[in-house]
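Presented below is the structure to which this report refers.
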Amino acid sequence: MSEFSSPATPIQPSLTDFANFYLYGLTDNPYRQSTDLAKFGQLYNLVIGEHGGAGIASTFHPYQLINQAGVPVWYAAYAQLYAQPNRAELFTAMAEEQARFVVAPPVVFSEFHVWPDTRLTSTENPVFSHYIPFVLPFLVRKGPAALRWDAELAAAEGDRARFGQYLDAVNEAIRFVQPSPGFVLGFGEFDDQQPSQLIERFMDVRATLLTQ
């Protein structure tokens, strides 16, 4: 037996070390991609801030976020990062340097898969065939710092006009992947145990859309 022990293999973070966040809004075309990595980085910094993680290089209709096997797009993004031969370096950079990456979603997420919650279908709510929901996902390494969105919201102290300036900046930053007439409504965290919470985000604005 050698008197020298080999270096311990770094423990790779699990899915529980990441949070699944998203911007959500309305558009005329929810499924759009971009190859502009710099713009994705700017958007990530504006919305997430000083947290390592990955932006997913596409916007989606909510019914594209979970594939036929029941896997959310955030989990697929994590799997892609984990599959990289230099994953130890990637995950270390996320934790220690707040590094950000961009992941291209598997093509399977181009397919629509209506959840048991059907409220966003045009049959049940025709308004969502005109104002079409979209989501832009972020896979974020958990950390103690506040998310940029939350920090801006707290700093606004309930002043809608003040927070509106920040929201305008987010809308401008997302134009490279969601051009006008697309616009952001808000920001949230996806819970795979309660996916209908995402549907509720859009249902909350349904009455307003019906008066437009």
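Structure above, values below:
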read-out	value
Number of positions in the stretch 118-133 that are surrounded by 14 or more Cβ atoms within 10 Å (Cβ to Cβ) and in contact with a helix residue (DSSP H, G or I) (Cβ under 8 Å, 6 or more places away or on another chain)	8
Helices (runs of 4 or more DSSP H) lying entirely in the stretch 143-212 (those with 3 or more residues that are under 17 Å from the mean Cα position of the chain (by Cα))	148-156, 160-173, 196-203
Scan of the stretch 37-57 for residues that are within 12 Å of the chain's Cα centre (by Cα) and either under 23 Å from residue 118 (Cβ atoms) or among the hydrophobic types (A, V, I, L, M, F, W, C) (or both), ordered by number	40, 43, 47, 48, 54, 56, 57
Residues that are surrounded by 18 or more Cβ atoms within 10 Å (Cβ to Cβ) and either within 19 Å of residue 186 (Cα to Cα) or among the aliphatic types (A, V, I, L, M) (or both), drawn from the stretch 97-117	102, 103
Residue identified as free of Cβ contacts under 8 Å to residues at least 60 places away in the same chain and farther than 19 Å from residue 169 by Cα among 69, 38, 54, 77	69
Filtered residues of the stretch 191-211 (kept if over 17 Å from residue 119 (Cα atoms) and either in contact (Cβ under 8 Å) with a residue 60 or more places away in the chain or among the acidic types (Asp, Glu) (or both))	191, 192
Some residue of the stretch 76-93 being in contact with a strand residue (DSSP E or B) (Cβ under 6 Å, 6 or more places away or on another chain), surrounded by 14 or more Cβ atoms within 10 Å (Cβ to Cβ) and outside any helix (DSSP H, G or I)	no
Complete set of residues in the stretch 137-158 that are within 14 Å of residue 45 (Cβ to Cβ) and crowded, with 18+ Cβ neighbours inside 10 Å	138, 140, 147, 148, 149, 152
Residues being of a type in the set (A, V, I, L, M, F, W, C), under 18 Å from the mean Cα position of the chain (by Cα) and not in a strand (DSSP E or B) - total across the stretch 106-133	4
Complete set of residues in the stretch 116-138 that are in contact with a strand residue (DSSP E or B) (Cβ under 7 Å, 6 or more places away or on another chain) and hydroxyl-bearing (Ser, Thr, Tyr)	131
Number of the exception - residue 19 against (1) more than 12 Å from residue 102 (Cα to Cα); (2) outside any loop (DSSP other than H, G, I, E, B); (3) in contact (Cβ under 8 Å) with a residue 12 or more places away in the chain; (4) more than 14 Å from the chain's Cα centre (by Cα)	(4)
Residues being surrounded by 15 or more Cβ atoms within 10 Å (Cβ to Cβ) and basic (Lys, Arg) - total across the stretch 170-193	0
Residue pairs meeting the criteria (Cβ under 6 Å; at least 6 apart or on separate chains; first at pLDDT 90 or above, in the stretch 92-107; second of a type in the set (Ser, Thr, Tyr) and crowded, with 16+ Cβ neighbours inside 10 Å)	100/44
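The values are calculated or read from the model by the stated rules, or taken from the named source; none is laboratory data. For clarity, every value in this text was computed on a predicted model and none was experimentally measured. Note that each Cβ is placed from the backbone with ideal geometry, even for glycine, and that neighbours are counted across all protein chains shown.
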